[in-house]
Amino acid sequence: MSSTDLQLPALGYGAANVGNLFRELSDDEAWAVLDAAWESGVRYYDTAPHYGLGLSERRLGAFLQTKPRDEFVVSTKAGRLLRPNPDFDGGLDTAHDFFVPDDLQRVWDFSDAGIRASLDESRERLGLDRIDLVFLHDPERHDLDLALAEAFPALEAIRSEGGVQAIGIGSMTSEALARSVREADLDIIMIAGRYTLLEQPAAADVLPACHERGTGVVAASVFNSGLLAKAEPTRDGRYEYGGVPDEIWDRLQRIVAVCGAHDVSLPAAAIQFPLRDAATKSVVLGSSRPQQVRQNAALAALTIPDEFWAELAADGLIPA
């Protein structure tokens with residue numbers, strides 16, 4: 001059962017974009033994005049070694065080193081070590097959607113030594129004295145049974161030693177999230193794309209487990225790959241990095257109609273929806289443009305009438 005006293009702000013910045021996700025940013029452009037987040041009041045920042053083969057951690061750390069350490073919360077992830085790529089020939093890591101040289105490779109390691117090395121190396125890249133929260137990153141993509149047998153116990157030991165304040169799992173898979181909450185002693189989990197305004201599979205198993213165990217939630221990918229990021233979605237939008245299925249598009253049109261009836265911004269509703277569940281402590285949003293960061297912060301602060309949520313629930317579009 002979770003006993004952490006780590007407090008997460010309701011809005012966080014997900015730093016994959018400053019690791020050159022989807023497009024290359026210069027150091028100055030990345031700094032401007034992070035500066036926009038800070039000036040917008042964001043005080044929670046999430047990163048991972050996976051993001052740009054360490055570039056996200058280095059850039060985020062360089063920025064946060066200029067801020068008072070007690071004024072922000074930072075989380076990163078473990079499970080993949082970064083090691084020299086023996087086959088490097090000057091290429092880019094575009095197979096993982098990051099526009100960085102692939103001179104390093106990701107190596108799964110769920111052992112105690114591997115988890116400790118991951119955190120030590122993340123602290124070094126960040127240049128910070130401590131990491132507040134660490135998530136085991138997508139363990140089901142390697143071996144969830146091994147994660148439960150080795151990686152989570154390693155994280156629990158590091159937490160008990162004071163190495164981090166809170167631990168959890170970050171995943172896009174409801175089954176892995178729910179099982180990890182029930183079988184490991186986790187404080188906070190990151191649900192990516194499985195509890196959004198558009199679809200809520202995590203409501204069936206993950207959230208009940210979190211309520212039962214006292215586990216907090218960080219909601220990520222709340223725009224469903226950008227589909228909910230605009231007030232008027234387009235039929236050729238991206239969904240789960242592919243096209244939009246007809247049933248998803250039809251459901252989205254019903255949500256858009258309710259937004260119109262109540263004069264509610266679709267992106268604002270997408271940001272605020274996960275926070276309606278008591279387990280959700282924070283919503284983490286990513287962006288590669290300062291103006292989008294500022295706009296997201298403004299949308300998060302908009303007032304949305306209770307009647308809007310009530311109509312969505314009555315129409316079976318969100319849990320009652």
Residue separation times 0.36 nm, minus the C-alpha to C-alpha distance between Ser265 and Thr303: what's the value? 12.7 nm
For Leu136, residues with placed amide H under 5 Å, excluding near neighbours: Ala78, Gly168, Ile169, Gly170
Put Arg179, Arg213 in order of accessible area, largest first, probe 1.4 Å, and you get Arg179, Arg213
Shape category assigned to the stretch 1-127 from the gyration tensor of Cα positions, a/c cut at 1.5: oblate
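State the extension gain, in nm to one decimal, for the chain segment bounded by Arg294 and Ala203, taking 0.36 nm per residue of separation less the distance between their alpha-carbons.
Working: separation 91, 0.36 × 91 = 32.76 nm, distance 2.96 nm.
Going from the current span to full extension adds 29.8 nm.
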Quick one: among Lys281, Lys230, Lys77, which has the greatest mean-square fluctuation in a GNM of the chain with alpha-carbon springs under 10 angstrom? Lys230
Taking only C-alpha pairs under 8 Å that are 6+ residues apart, what is the relative contact order of the stretch 226-293 in percent? 26 percent
Within the accessible area of the chain, what % is carbon and sulfur when the probe is 1.4 Å and the other protein chains stay in place? 48 percent
Ignoring ligands and nucleic acids, His142 exposes an accessible area, probe 1.4 Å, in Å² to the nearest 10, of 80 Å²
Considering the chain as a Gaussian network with a 10 Å cut-off on Cα pairs, which listed residue, Gly243, Gly61, Gly12, attains the greatest mean-square fluctuation? Gly243
Long-range amide H partners of Leu285 with built H, under 5 Å: Gly12, Tyr13, Gly14
When the chain is modelled as a GNM with alpha-carbon springs shorter than 10 Å, which of Asp112, Asp87, Asp185 fluctuates the most? Asp87
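Quick one: net charge around Cys259, please, counting Lys, Arg +1 and Asp, Glu -1 for every other residue with C-beta under 14 Å from its C-beta.
Charge balance near Cys259 sits at -2.
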Taking a ≥ b ≥ c as the square roots of the Cα gyration tensor eigenvalues, with a/c under 1.5 meaning rounded and otherwise prolate when a/b beats b/c, else oblate, which class fits the stretch 61-191? oblate
Need the list of lysines near Lys67 for cross-linking: C-alpha distance under 29 angstrom, and skip anything on the same chain fewer than eight residues off. Lys77, Lys281
Gained length - Glu183 relative to Ala314, 0.36 nm times residue gap less alpha-carbon distance: 43.7 nm
With label points set 7 Å from each Cα along the Cα-to-Cβ direction at Ala257 and Gln7, the distance between them in nm comes to 4.3 nm
Kindly sort Asp129, Asp35, Asp70 by accessible area of their heavy atoms, largest first, with the probe set to 1.4 Å. Asp70, Asp129, Asp35
Around Trp38 (Cβ within 14 Å, Cβ-to-Cβ, excluding Trp38; K/R +1, D/E -1) the net charge comes to +2
At the level of C-alpha centres, the distance separating the stretch 153-180 and the stretch 49-108, in angstrom, is 20 Å
For Glu247 and Ala95, what does the FRET efficiency come to when R0 = 30 Å and r is the distance between their Cβ atoms, rounded to the nearest 0.05? 0.50
Could you work out the helix-only [θ] at 222 nm for the chain, with each DSSP H run of four or more residues adding -39,500 (n - 2.57) and the total divided by the number of residues, to the nearest 500 deg cm²/dmol? -10500 deg cm²/dmol
Suppose accessible area is computed on protein heavy atoms with a 1.4 Å probe; arrange Glu232, Glu156 from highest to lowest. Glu232, Glu156
Percent relative contact order for the chain, counting Cα pairs under 8 Å at least six residues apart, stands at 19 percent
Sort the stretch 36-76 into rounded, prolate or oblate with this rule: let a ≥ b ≥ c be the square roots of the eigenvalues of the Cα gyration tensor; rounded if a/c is under 1.5, and if a/c is not under 1.5, prolate when a/b is larger than b/c, oblate otherwise. prolate
Mind giving me the nanometre distance, one decimal, between the label points for Asp112 and Glu24, set 7 Å out from Cα along Cα→Cβ? 4.4 nm
Could you state the accessible area per residue of the chain in Å², with a 1.4 Å probe and every protein chain left in place? 42 Å²
If I ignore ligands, DNA and RNA and count only protein heavy atoms, how much of Arg116 is accessible to a 1.4 Å probe, in Å² to the nearest 10? 70 Å²
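The values are calculated or read from the model by the stated rules, or taken from the named source; none is laboratory data. Computed from a prediction, not measured in an experiment: that's the story for all the values here. Here the Cβ is made from the backbone with ideal geometry for all residues, glycine too, and neighbour counts use every protein chain on show. The protein model used for the area step is the full one, side chains on, heavy atoms only, and it has no ligands, DNA or RNA in it. Shrake-Rupley method; radii C 1.70, N 1.55, O 1.52, S 1.80 Å.
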